[in-house]
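Q: Take this structure, written in structure tokens, and hold onto it; I'll ask about it next.
The values are calculated or read from the model by the stated rules, or taken from the named source; none is laboratory data. This one's a predicted model, so the numbers in the text were calculated from it and none came from an experiment. FYI the Cβ positions are ideal-geometry reconstructions off the backbone, even for glycines, and counts take in every protein chain you see.
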Amino acid sequence: MLECRYDLENDGLYSLKWYKGNEEIFRYIPEEEFLSDRMKSFNLPGVNILVEKSNDHQILLQNVDFDSTGKYRCEIVAEGSFQTITNVGQMNVVKLPAEDPIITGGLAHYAVGDLVKVNCTSRKSLPAANLTWYINGELSDKNFLQNYPIIEDEESGLQTIIIGLEFKVRQKHLKTGGLKIKCTATLAAVYWRSDERSAEAAAIKSTHNHSERDTQQHMSSSSKNVNDWMSNRGSIVFPSCIIKMTITTILLTAKFQLYL
């Protein structure tokens, strides 16, 4: 749903129009005698408006897909003065990653001078997720990061991103008796997941639930899903609303605040 809020003060509304890019997609002219003339929609690829759920403040898009992404503009014309004002918002449709981020590589324990060399992978989203590394709870030095080309699936167009972390262990990394590294994957304002690994000099504590990888990685790990925005959410103000799509995509829609 896209909303256009405005205050005309003492003027009436002459017309309200919505555009995607430069193409008109909806108009509302309250003075028209017949309802069919009062509200009209003009469908484009990715833009299908449910007219009966739309009005002078909002339009409801249905069957959204990646073609729905774009800039939407609301145009208000005041009655009498015909003063016109517009505002624009960007709407993005994203496909969430197919699974949580995964840390691969690493050893059971580390000593000062050892080399830590691990990768974090977030698979099949659009666009690719943003990956961030942390060492003992602190943001990693950018010089420790290894960036790889994004992998794009030829059939679906979904993207997989891998970012490596490589650094030599210093005394400060082991001051708490162990080393913890964490990778977070974020996408827009609706997705936040992480994978965490820890290595200790003597005992190893494992809480990670990806058991199929335990034979390859000896570091203990824990997977944390923080703020699962996808669970039973109809809409969130970001200042955008979020709609869960049937193909598990997320629709971010812009809200407008217009004042004359």
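Q: Going through segment 133-179 one residue at a time, which ones are of a type in the set (D, E, K, R) and either without any contact (Cβ under 8 Å) to a residue 12 or more places away in the chain or touching a His at 6+ places or on another chain (Cβ under 9 Å) (or both)?
A: Once the filter is applied, which keeps residues that are of a type in the set (D, E, K, R) and either without any contact (Cβ under 8 Å) to a residue 12 or more places away in the chain or touching a His at 6+ places or on another chain (Cβ under 9 Å) (or both), segment 133-179 yields E138, K142, E152, E154, E155, K172, K175.
Q: Of all residues in segment 1-29 being among the polar types (S, T, N, Q) and within 18 Å of V88 (Cβ to Cβ), which is surrounded by the most Cβ atoms within 10 Å (Cβ to Cβ)?
A: Among those residues, the one meeting the criterion is S15.
Q: Could you run through segment 132-149 and say how many residues are within 19 Å of S198 (Cβ to Cβ) and either of a type in the set (A, V, I, L, M, F, W, C) or under 21 Å from the mean Cα position of the chain (by Cα) (or both)?
A: Number satisfying all stated conditions: 6.
Q: Answer yes or no as to whether G89 is small (G, A, S), closer than 30 Å to N10 by Cβ and assigned to a strand (DSSP E or B).
A: So G89 passes the test.
Q: Assess whether Q146 counts as being surrounded by fewer than 12 Cβ atoms within 10 Å (Cβ to Cβ) and either over 22 Å from H109 (Cβ atoms) or not assigned by TED's automatic domain parsing to the domain that holds D65 (or both).
A: No, not satisfied.
Q: Any chance segment 159-171 includes a residue that's more than 20 Å from T104 (Cβ to Cβ) and crowded, with 17+ Cβ neighbours inside 10 Å?
A: No, segment 159-171 has no match at all.
Q: Given the conditions (1) under 27 Å from A98 (Cα atoms); (2) modelled with pLDDT of 95 or more, report the number of the one that S156 does not fulfil.
A: Condition (2) is where S156 drops out.
Q: Right, something else. Taking the condition of being farther than 19 Å from N87 by Cβ and of a type in the set (A, V, I, L, M), how many residues in segment 6-40 meet it?
A: Taking segment 6-40 as the starting set, the residues that turn out to be farther than 19 Å from N87 by Cβ are 10, 12, 29-40.
Within this subset, residues satisfying the condition of being of a type in the set (A, V, I, L, M) are 29, 35, 39.
Residues flagged as farther than 19 Å from N87 by Cβ and of a type in the set (A, V, I, L, M) within segment 6-40 amount to 3.
Q: Between S68, S54, S15, which is over 30 Å from T160 (Cβ atoms), touching a residue at least 40 places away in the same chain (Cβ under 8 Å) and of a type in the set (G, A, S)?
A: Within the list S68, S54, S15, the selection yields S15.
Q: Same structure, new question: So, in segment 26-54, of the ones that are basic (K, R) and within 16 Å of E75 (Cβ to Cβ), which residue ends up farthest from the chain's Cα centre (by Cα)?
A: Among them, the one singled out is K40.
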